[in-house]
Each structure stands twice: as C-alpha cells, then as structure tokens.
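First up is the structure itself, then whatever we jot down about it.
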Amino acid sequence: MKKYLSIAILSVLLSLTLFGQNDKTLLVIENQKVPVSEFLDIYTKNNKNVDYSKASIDEYLDLFINYKLKLMEIQRLRLDTQKNFINEFQKYRDQLAQSYLIDKNTVDKLLNEAYSRMQNDVRVSHILVKLSPYANPKDTLKAYNKALEIRKKLLNGADFTKLAIEMSDDNSARDQNTADGRLISGNGGDLGYFNVFNMLYEFESAAYNLNVGEISLPVRTPVGYHIIKLTEKHPAIYRFKIAHILLMYPPNATAQNKESIKAKADSIYKEILHGADFAELANLHSDDKGSANKGGELPWLTPFRLVPSFVKPIYSHNPGDYIPPVETFYGWHIIKLIDKQSPPEFASVKQELLTKLYKDPRYLLAQKKIADSLKQVYKIQYDKKLLVNLAKSINKDSLLKRSFNESQIPNLDNILVKIDDNSIYIKDFANYIKKNQSLFTNTDDIQVFVNKMFDNFLNDKILEIEKENLENKNPKFAAQINDYKEGILIFNLMDQNIWSKAMKDTAGLKAYYETIKNKYLTDEKAKIGIFKTNDAKIAKKVQKTLQKNIKKSQYNPNLILSKINKKNNVVSYDSIVIETKKLADIGLEKNVNAILTKENNNSYEIYWLQDIIAPQPKSLDEVRGLVISEYQTYLEKQWINELRNRYHWQVNEEVLKSLYKN
C-alpha cells in the first residue's frame, strides 16, 4: 500500500518545468538554488483548490524538499549509471521519441482514409507487368509502355480474363495443379474481394478511386505496374459466420463426376428447404471433416482471400438464409448464413486501425513527411558524384550472392554527407547497403539501387540526428523524458531503501510488529461447549447435571458424558469459539457458565458458555500486509530524516512568507 501511495505522491511531484534564473530563490540544497517559480508551478498544477494558505504551502514545500533530497541521493549513489536503468530508460526514450518523429496530421489523414475505405469491399481484376523497385529508367519505361499497351487493348474491347492469362506476370491468372493432382483454375486476374490494409497501399488507393467497370492507368507498386479494373463494390462485410456442407470434387474429376456432385448438392439443398436439419445433413454428407461434426459451422470469416464465388452471395443474403449451391475449385458448397456484421463505429475500431497502420508501409509516409521538413531545416551537403563512384565499385554478383562486403568500396573513412555539424562517413552507408543487400535482384540496376538506398539512409540519419536533439529542440519532450527519468530513478531508490527492504527484512519486520501489535487486536470471543442429543429427557438430564457440576466447580465435560453415556452414546459433545457479538444470534447471555437449551426437529443442543476470551494481538501472518505498510512508513520517515541530515539545505523564510495569501 505504501508503495502505491508513494508513487501517487511522485506523480504529483514529477510535473516540474524549468524556469528562468531571474526568480527569487526559495530553497538552496547543497549550493543549488531552486527558484520559487519551480515550486509554484507544481503547487498550482496539482492542487485543485489553490488557496495559498500557510498550511497548504507548507505541506507542499515539505514534499518538495523531500523530492529534491531524493534527487541528491540519486546523484550520490549514481543510480543513473546502472546498466538496468540505462537500458530501461533508453527503451522508453526510443518509444517516446518515435511519437515525435512522425507527422501527426499525416497519421490522422491515413487513419480517417482507412476508416472511410473500410466501409466498402471492392473486387478487382489486374494485369501485372513485373518490375523491380530498383530497375533502371530504360527498363522502367519499357514496362510502363507495355502496361499502357495492355490498357489500350482493354479499352478497345479485349477480354480482361483472356488478356490476363496471356500477358500478366501474376501466375495466379493461369491454371495450376496442386500436389495431389487437383486442378486449380487460374483466376484470370480476378483478385476477389478486399478491404483496407489487405493490399499494397498504392494498389489499394488506385482501386478505391475507380468507378465500377473503370480501368486504371498503370499503377506502380514495389512489384511492378498494374492495370486494375474495379468489377464490384459493396457495403463492407466486417466479418461473417456461416455453416456449410462441402461436396468435394475428387482429384482429376471428370465432367460426369462434377455433374453427379452438383445433382447431389441440389438434392440436399431441397431437403433443407423442406425442413431437414442442416447440422444433421452436414454431419452426414459434408467432406469438410473439420466442420462436419460441428454442424458445418466455420469460424468468423472475412471476404479477403476467399474464393469470390463463395463470398459473392453473402452480400445479397441475410442471416438465417440458406444459399443455393455454390461452386468453387474444391467442389459444391451449400451455405447457411448465420451472421453478418458491418464495420463498427470509428471509436470502437480506431485502435485496431492504428495497430494495422503502424505495421503497414504507408506509415512511413508520416515519417517521410517529417524527414522532408527537416531537410529544409538542416544544412545538408553531399557530392552526388560520390554515389556514382560508389555504385561503380560494387560487384553485382556479390549483391546477388549476399556476400557484399564494405571493403569493396574505397575511402571508407571519407565523409559522404554532412548534416549541419554531423559527419556521416562512407563506411556508414556501406554498412547500410550490406544490411539491405537481400533486396537486390538480378534485374536491378546498381546505380538505382544505391541512389534509393541513399535516400532511405539519408532520411534515417536525419531522423536519428533529430531524435538525439529532441530534448534541446522540444520543451514538451524534454519535460516528459525528464519526468520519466526522475520518476523511475526515485522509484528504484524508494524500492531499494523502503519497499523491498520492508518485504525482505523479516527480523526488522517482526521487531516492528512487536511494537505495534496491540493496534491489531482480535475481537472479544466466547468459548462455548455444545452437548447434543435426540432425547428430550436426556437433554434435561444433561442440563441439570451441568448446573450441578458448575456449582461444584467441576468444569470437565467428560464427567457429564461418562455419567450419561454409561450404556449408550446418547450424548455427543463439541466446542466452538465465536465472537461475543454473535452470542445474540444464538440467544445465549454473555455470562460465563450461562446455559441455553435449544430444540429443532427433535434434536436438542445444550449451549454452555465456558469462557470469555479477551481481545488478543493478531498474529503477524494475519496482519502482514498492514504491518508491512506501517513498517514502510516508519522506514521512510527514518530515511527522510537521514537525508535531511546528510545534505545541507535552507529555505528562504522571507520568500516563503511572501507566498502566503491567508
């Protein structure tokens, strides 16, 4: 408990900002002057009812002094040099810095764009002219012109499917055989249905900007040029749940096989329409053994990557509908639509979209926007001839074999680029190429590859330099990072001196418990003996015998049992201890040797109040949490006193009094 209270206090203290040195000095600690504005900032920010009363000011000043003394102790112990702290702090700094190195307007634009696109599913066909991102201008122009020629043929009436089979570099357009001999028909360029984040960003943007039936101009993506045709657009299905009965084609199925399976599918569908149980039919007939014993039910699905003919009827049907048999390359499916959901409201899906955005290459646009703006701020100097000479020195085979080594490049210690006063060397860029050589392919041009690598390298270096200077350039970042740094250091300091110590110091904890144990007493209790019998006469006999024995100061219940149970065990005995406040529930008076007989369904109980037990200290195990909390408070007070004695500090009383308003 103490640990969390202390953290709460720290959160109050750690919102400090730096002020000018012209303030009056309120506090001096080891010759370090603390301006009054620093104290007033924390006081006004974290006090809901700022009244500047003496009591309020003094209370905050006391906490403030303790806080400053803890920082002094951190410096003395050099906790900020410990490896664990440095690693943890660096991770946090990197994470926080990342949020300052993206253009938030671009992120917001991409996020809103994603949600807008999320409202519709699109179905497209494409023809790909394959081209590497690092192709030379001649090959790039050749691929572009080929794509234009394909588009021209389409506009003149050529069949898209046939042209895709004939000319597309996407092999999925053509028929393929599976390992088990099953023929998978080519898609003829039909990519089926998709939604936002399912495709490359450039491809996605082109598709969503087309009208149904429209054919795009060549669209460049990292895999080449695409000619895209938008064939369908529907209000989006966020996800859907179905059950299906699959009648699968055998390998090398003949036309007769397929016709027979189609007839069986039609027959089963008619049975369903006439009231047959879908789940029973799925269990009986479906070749999808993974779902057959579940009534054909499948997990939640999305349209992306599903066979278009399987998805298409989902758009026009409602939950509860039975969809007529649908053919895919697997065979025939009879589908029961169980549920169909539209995209959620923006607020509930925002985090999902942000997570996808951060993982998507389009997120780099937000970083590039910052890098481009910084290029106008920093003075950047480099000689483009160096890049030409560097490209000439690289052996193409070494890139293809992934054996490129920096030693191929001369003058590694020469400066390649200067960003303000920061020198970036050729060896740094050579190492960057080495790390990214797996991107190079046989059709790539080395000069284009080097130029694009350099563009990325330069952006990375600009952002890296900006990241290192964030504290100096951005006061908000500086305040946040300082708060975290001091907060985690103080947390570690408190844990070392208070929290963990209180948990681990078993001898000290036990000794402290002995000094406060009377604060934690048990309730007053009563010890009660209970005789039980099923005979009313025996019950009266027990009560009379008990009364006689009490008068004789004979308090041993065994005397009664031995006297009454001579022949048969007609009486049993037990004892309990309860809180005296519960005696009223029984009906027993709070007097030692009080006796009460109670009857319930011919069962008799004779209660005998044997003793009143005074409150006793609870055991340490019973109150360990409370004692640890108090022990932490005790240790902290002692430790704070040590700090106040270890360091020289002084409050300017005149300045302090000037803060009081009441």
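The values are calculated or read from the model by the stated rules, or taken from the named source; none is laboratory data. This is a predicted model, so every value here is computed, not measured. When we count neighbours, we look across all protein chains shown, and the Cβ atoms used for this are built from the backbone with ideal geometry, even at glycine. Protein only, heavy atoms only, side chains kept; ligands, DNA and RNA dropped before computing areas. Shrake-Rupley method; radii C 1.70, N 1.55, O 1.52, S 1.80 Å.
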Collect residues whose amide H, placed 1.01 Å from N in the peptide plane, falls under 5 Å from the amide H of GLU297; neighbours closer than 5 in sequence don't count.
HIS244
Below 16 Å, Cα to Cα, which lysines can LYS537 reach? Residues fewer than 8 away in the same chain don't count.
LYS563, LYS566, LYS567, LYS598
Packing-based order for 240-246, 163-169, using average beta carbon neighbours within 10 Å, highest first:
240-246, 163-169
Roll a 1.4 angstrom probe over the protein heavy atoms and tell me the percent of accessible area of the range 480-548 that is carbon or sulfur.
49 percent
If amide H atoms are modeled at 1.01 Å from N in the peptide plane, then the residues at a separation of 5 or more from GLN610, or on another chain, having amide H under 5 Å from its own are LYS527, ILE528, GLY529, ASN593
Each label sits 7 Å from Cα toward the beta-carbon; between ASN66 and ASN283 the label points are separated, in nm, by 6.8 nm
Please give the per residue accessible area of the range 216-339, computed with a probe of 1.4 Å over protein heavy atoms only, in Å².
49 Å²
Carbon plus sulfur fraction of accessible area for the range 266-353, probe 1.4 Å, in percent
51 percent
Count charges around ILE102 for me, please; just the other residues with Cβ under 11 Å from its Cβ, Lys/Arg as +1, Asp/Glu as -1.
+1
With all protein chains modelled, accessible area of TRP608 [1.4 Å, Å²]
10 Å²
Three-way shape call for the range 593-662 based on the alpha-carbon gyration tensor, with the a/c threshold at 1.5:
prolate
In terms of solvent-accessible area of protein heavy atoms at a 1.4 angstrom probe, what is the ranking of GLU514, GLU204, GLU232, GLU589, highest value first?
GLU589, GLU514, GLU232, GLU204
Could you work out the relative contact order of the range 323-478? I mean the mean sequence separation of Cα pairs under 8 Å and 6+ apart, divided by the number of residues, in percent.
18 percent
May I ask you to derive the relative contact order of the chain, considering only C-alpha pairs under 8 Å and at least 6 residues apart, and to give it as an integer percent?
16 percent
Pop a pseudo-label 7 angstrom from the Cα along the beta-carbon direction at both SER398 and THR633 and give the gap in nm to one decimal.
7.1 nm
Just the accessible area per residue of the range 355-512, please: how many Å² with a 1.4 Å probe?
55 Å²
Amide H neighbours of TYR249 under 5 Å, at least 5 residues apart or on other chains, H built in the peptide plane: list them.
GLY331, TRP332
Give, in nm to one decimal, the length gained when the segment between GLU514 and ASN442 is fully stretched (0.36 nm per residue of separation minus the Cα-Cα distance).
17.9 nm
Rounded, prolate or oblate (a/c below 1.5 giving rounded, otherwise prolate when a/b exceeds b/c) for the range 50-112 by Cα gyration tensor
oblate
Any chance you could run the full-extension gain for GLU642 through TYR555? It's 0.36 nm times the residue separation minus the Cα-Cα distance, nm to one decimal.
25.5 nm
Determine how large the accessible area of ILE550 is when every protein chain is in place; take a 1.4 Å probe and give Å² rounded to the nearest 10.
30 Å²
Summarise the accessible area of the range 171-225 (1.4 Å probe, protein heavy atoms) by the percent that is carbon and sulfur.
51 percent
Karplus-derived 3J(HN,Hα), 6.51/-1.76/1.60, for each residue of the range 522-533, Hz, glycine and proline x
6, 6, 4, 10, 10, 9, 10, x, 10, 9, 10, 7
Taking only DSSP H segments of four or more residues, each worth -39500 (n - 2.57), what value at 222 nm results for the chain once the sum is divided by all its residues, to the nearest 500 deg cm²/dmol?
-15500 deg cm²/dmol
For LYS563, project a label point 7 Å along Cα to C-beta. Then give me every residue of the range 532-551 with its amide nitrogen under 15 Å of that point.
538-551
Residue by residue through the range 167-178, the couplings from Karplus 6.51 cos²θ - 1.76 cosθ + 1.60 with θ = phi - 60°, in Hz, x for Gly and Pro, are 10, 6, 7, 8, 5, 5, 5, 10, 4, 9, 9, 7
Give the separation of the Cα centroids, the range 408-478 to the range 20-49, in Å.
44 Å
Cα gyration tensor shape for the chain, rounded if a/c is under 1.5, else prolate or oblate
oblate
Would you kindly state how much longer the chain becomes between LEU364 and ILE530 on full extension, computed as 0.36 nm times their sequence separation minus their alpha carbon distance, in nm to one decimal?
51.8 nm
Post the alpha-carbon centroid distance, the range 297-368 to the range 174-230, in whole angstrom.
17 Å
Sorted by packing (mean other beta-carbon atoms within 10 Å per residue), highest first, where do 311-319, 375-383 land?
311-319, 375-383
Of SER172, SER286, which has the most accessible area with a 1.4 Å probe, and how do the rest follow in descending order?
SER172, SER286
Sorted by packing (mean other beta-carbon atoms within 10 Å per residue), highest first, where do 185-191, 155-161 land?
185-191, 155-161
In nanometres, what is the gap between the two model label sites at ASN47 and LYS384, each 7 Å from Cα along Cα-to-Cβ?
6.3 nm
Please calculate how many Å² of accessible area the range 54-184 carries per residue, with a 1.4 Å probe and no DNA, RNA or ligand atoms counted.
55 Å²
